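Please read the structure below before turning to the comments.
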Amino acid sequence: MVGSASAQDVSVGKSIHVFSALVTPPGQDGHGPPLIYNFIAGGLGGMMGDGSMHSLDTVKTRQQGAPNAVKYHGMLRAYSTIFREEGIRKGLYGGFVPAMLGSLPGTSIFFFTYEFTKRQLLQLGAPETPAYLASGFIGDFAASFIYVPSEVLKTRLQLQGRYNNPHFQSGYNYKGTFDAIKTIIRQEGWPTLFFGYKATLVRDLPFSALQLAFYERFRSAAQALEGTENLGYWEELLTGAAAGGISGVMTTPLDVIKTRIQTQSDAQQQPSQHPPHSDKAPTGAQSAHNLNSTQSKSMHTSTKAQMSGASPISASPGVARIGSESTMQALTMIYRSEGIRGLFAGVGPRFVWTSIQSSIMLFAYQNILKALTGIDEEISF
């Protein structure tokens, strides 16, 4: 039995090495963990980071989707309000299921593509920082086909909160993730799941590029200061937090545009299927669809596409509606109607979220990568 087990271990080890050789191009120095390890570590690290900070992401979504709702002004106030009125599972953690369904495969693809592209560019002699930025762009684009549909579902369920929510009129009333998928496809068509795709890429491509470029640089600086490549726990956590927080603040205006597009309503929107709510619902979410009708042009040409992805949340007075404008036009529109505060709506929770999420994700990523490499070395012996 022992001999049989040993033979099986050797066979498994050889299979891992063969597969690793197939998916691992040489790094700049001819070394580097197998890309399948980056794939596994990226997916698990992404889930840990996204899952741990989901509640703050919900707060940010409420603040950006309903900026005139006074009870959501201020991160701590919004957090406590949602917790008190709607609870944890359907309130602060609304949209958690689609978030995780997109996070695992999405971050796996991202880190696999990022590392593959980075190694190729460095091997070709590209400067390090441009290589990191380009790899971040390409990695995020490759993952976007997975995470954009999950982002649409997540954002709607975060904005909705609990089913039959008497505290906030989002206009949505899905029973859960799969009910949301069925309802969206039946009533609005499957392209709705990719609504805001351009706006999401405009936000996430720069964020991912900046995050990984900052991270690589901060980590190299920390390694130089410590005199070793093996950083301690605090150094790993701080480099990830700094990279994520800075990138998150820099891309907040782009995040505002993405959230507005995926949660605003069209002037031609059909009456909401949401049931009546109590008088406690915020007035900012109840205002009429009458703000600057010339700005309510659809991003699509068909009637169904005009309705797709647009939440029955209307644009409140003084809140700019985003249509087919370019990114710069949208930024200018928000600035003129709402000022700097409008462009950086939700920057507090976004900074906290991106800092801690990035810290946890990259810390887990590096440690899982080390663990997998250690197992590989043990099998080699």
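The values are calculated or read from the model by the stated rules, or taken from the named source; none is laboratory data. Everything numeric here is computed off the predicted structure, so don't read it as measured data. Methodologically, a virtual Cβ is constructed for each residue, glycine included, from the backbone with ideal geometry; neighbour enumeration extends over all protein chains shown. Surface accessibility is based on the protein's heavy atoms, side chains included, excluding ligands, DNA and RNA. Shrake-Rupley method; radii C 1.70, N 1.55, O 1.52, S 1.80 Å.
From Cα pairs below 8 angstrom and at least 6 apart in sequence, can you work out the relative contact order of the stretch 183-261, rounded to a whole percent? Can you show the working numbers first?
On the way: 43 pairs, mean separation 33.6, N = 79.
The normalised contact order for the stretch 183-261 reaches 43 percent.
To the nearest 20 debye, what charge dipole does the stretch 57-171 have about its Cα centre, counting +1 at the Cβ of each Lys and Arg and -1 at the Cβ of each Asp and Glu? Could the numbers behind the result be given before it?
On the way: 12 positive and 7 negative charges, 104 e Å.
In debye, rounded to 20, the stretch 57-171 gives about 500.
When you count, for each residue, the other Cβ atoms within 10 Å and take the mean per peptide, how do 181-190, 247-256, 71-80 rank with the highest first?
Working: 181-190: 15.1, 247-256: 22.2, 71-80: 17.0.
Sorting 181-190, 247-256, 71-80 by mean packing, highest first, produces 247-256, 71-80, 181-190.
In the stretch 134-259, with Lys and Arg counted as +1 and Asp and Glu as -1 at Cβ, which of these residues, ILE246, GLY227, GLY176, has the Cα nearest the positive end of the dipole, that is, farthest along it?
Of ILE246, GLY227, GLY176, it is GLY176.
Can you tell me the FRET efficiency between LYS175 and ALA224 if r is taken as the Cβ-Cβ distance and R0 is 51 Å, rounded to the nearest 0.05? Please list the in-between numbers first.
On the way: r = 53 Å, r/R0 = 1.05.
Efficiency, rounded to the nearest 0.05: 0.45.
Testing the spin-label approximation: label points 7 Å from Cα along Cα→Cβ at ARG217 and ASN164. State their distance in nm.
Calculated label separation equals 5.4 nm.
At THR327 and SER80, where each label point lies 7 Å from the Cα along Cα→Cβ, what is the point-to-point distance in nanometres?
3.8 nm
Listed highest first by mean packing, meaning other Cβ atoms within 10 Å per residue, what order do 332-344, 196-208 come in?
196-208, 332-344
Given a Förster radius of 45 Å and the C-beta distance between MET250 and LYS370 as r, what FRET efficiency does 1/(1 + (r/R0)^6) yield to the nearest 0.05? Intermediate results must be reported in sequence, preceding the final value.
Values: r = 30 Å, r/R0 = 0.66.
Approximately 0.90, to the nearest 0.05.
So how compact is the stretch 158-204: Cα radius of gyration and Dmax in angstrom?
Every Cα atom of the stretch 158-204 included, Rg and Dmax give 12.5, 34 Å.
So if each residue of separation counts as 0.36 nm, and I subtract the Cα-Cα distance between ARG89 and PHE141, what length gain in nm does that give?
Values: separation 52, 0.36 × 52 = 18.72 nm, distance 3.08 nm.
That works out to 15.6 nm of additional length.
For the pairs LYS118/LYS175; LYS182/LYS370; LYS175/LYS258, note any where the Cα-Cα span goes beyond 32 Å.
Values: LYS118/LYS175 42 Å; LYS182/LYS370 41 Å; LYS175/LYS258 24 Å.
As for pairs spanning more than 32 Å Cα to Cα, those are LYS118/LYS175; LYS182/LYS370.
Would you mind calculating the relative contact order of the stretch 43-119 from Cα pairs under 8 angstrom and at least 6 residues apart, reporting the percent as a whole number? Provide the component values of the computation, followed by the final result.
Details: 59 pairs, mean separation 32.7, N = 77.
This gives 42 percent for the stretch 43-119.
Run the accessible area of the stretch 88-240 with a 1.4 Å probe and give the carbon-and-sulfur part as a rounded percent. Walk me through the numbers on the way to the answer.
Values: 4440 of 6630 Å².
Percent of accessible area from carbon and sulfur atoms in the stretch 88-240: 67.
So for the stretch 39-174, averaging the separation of alpha carbon pairs under 8 Å that are six or more residues apart and normalising by length, what relative contact order in percent results? Spell out each step's value before the answer.
Values: 174 pairs, mean separation 42.6, N = 136.
Relative contact order for the stretch 39-174 comes out at 31 percent.
Ranking request for peptides 214-222, 154-162, 83-91: highest mean number of other beta-carbon atoms within 10 Å first, then the rest in descending order. Could the numbers behind the result be given before it?
Numbers: 214-222: 17.9, 154-162: 26.1, 83-91: 15.2.
Ranked from most to least packed, the peptides come out as 154-162, 214-222, 83-91.
Along the Cα→Cβ direction, 7 angstrom out, place labels at GLN187 and HIS73. What is the inter-label distance in nm?
3.2 nm
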